[in-house]
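To keep things clear, I will list the structure first and then write my remarks on it.
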Amino acid sequence: MENYYGALVGLCFTMPYAISGLYAGGLTRTGNRKLMMIGAIGLMSMLQLGTGAINSLLVLGIFRFIHGALSSSINPLAFSMVADYFPTDKRTTANSILSAANFVGIALSSMTILLIKEVGWRASYMTMGGMGLLAASTMMLLRDPVRGQFDMSQSQFET
């Protein structure tokens, strides 16, 4: 499988991420964003759990494809929720923290190399999948904020 790492990480994940990302913003306009995010994280986590158990390169490629498509929905949903959790004077700080958290998460994800060396790639994927399911479960404590609660009315623009 090492021979196909570039395709699995690049083509199979990044292309559906980029393409689905063009449509992911539309998710923020309808439905319960919290439940959509929990669903996406839960499904991605189950794919990671499954990745640790499969023996087929084709299935692994399909899992990576679906994982990439689901991942593209997280940022639009998160930024949409931040816009409704925080008033306009606090929103830039909240968005900055969210953006920084993305990069901290990417940096921490590189630490999985140490986990892979210690327990192997299968157990690492299962561990990450379990952690993702835990994260999705704790998100049930959040509320989906009221849409537009901090939006300015037209009369506020005119003054």
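The values are calculated or read from the model by the stated rules, or taken from the named source; none is laboratory data. Note that this is a predicted model, so its numbers are computed, not measured. In this analysis, Cβ positions are derived from the backbone assuming ideal geometry, glycine residues included, and neighbour counts consider all displayed protein chains. For the accessible areas, the whole protein counts, side chains as well, though only heavy atoms, and no ligand, DNA or RNA atoms are used. Shrake-Rupley method; radii C 1.70, N 1.55, O 1.52, S 1.80 Å.
Some points to look at:
- Residue within segment 5-14 that is surrounded by fewer than 11 Cβ atoms within 10 Å (Cβ to Cβ), of a type in the set (F, W, Y) and under 20 Å from T127 (Cβ atoms) present: yes
- Condition met for I74 (open to solvent by 70 Å² or more (accessible area, probe 1.4 Å), modelled with pLDDT of 90 or more and either under 20 Å from G132 (Cβ atoms) or not acidic (D, E) (or both)): no
- Test: residue in segment 111-119 that is touching a residue at least 60 places away in the same chain (Cβ under 8 Å) and of a type outside the set (F, W, Y): no
- Of all residues in segment 77-86, those satisfying the criterion of being among the small types (G, A, S) and open to solvent by 20 Å² or more (accessible area, probe 1.4 Å) are S80, A83.
- Tally of residues being assigned to a helix (DSSP H, G or I) and either open to solvent by less than 80 Å² (accessible area, probe 1.4 Å) or under 17 Å from M131 (Cα atoms) (or both) across segment 87-120: 22
- When residues of segment 24-71 are limited to those that are among the charged types (D, E, K, R) and closer than 25 Å to G148 by Cα, the one surrounded by the fewest Cβ atoms within 10 Å (Cβ to Cβ): R29
- Of all residues in segment 15-48, those satisfying the criterion of being in a helix (DSSP H, G or I), hydroxyl-bearing (S, T, Y) and either over 20 Å from F63 (Cβ atoms) or more than 13 Å from the chain's Cα centre (by Cα) (or both) are Y23, T28.
- Hey, T51 among the hydroxyl-bearing types (S, T, Y), farther than 20 Å from S137 by Cα and without any contact (Cβ under 8 Å) to a residue 60 or more places away in the chain or not: no
- A136 out of contact with any His (no Cβ under 7 Å at 6 or more places or on another chain), without any contact (Cβ under 8 Å) to a residue 12 or more places away in the chain, small (G, A, S) and part of a helix (DSSP H, G or I): no
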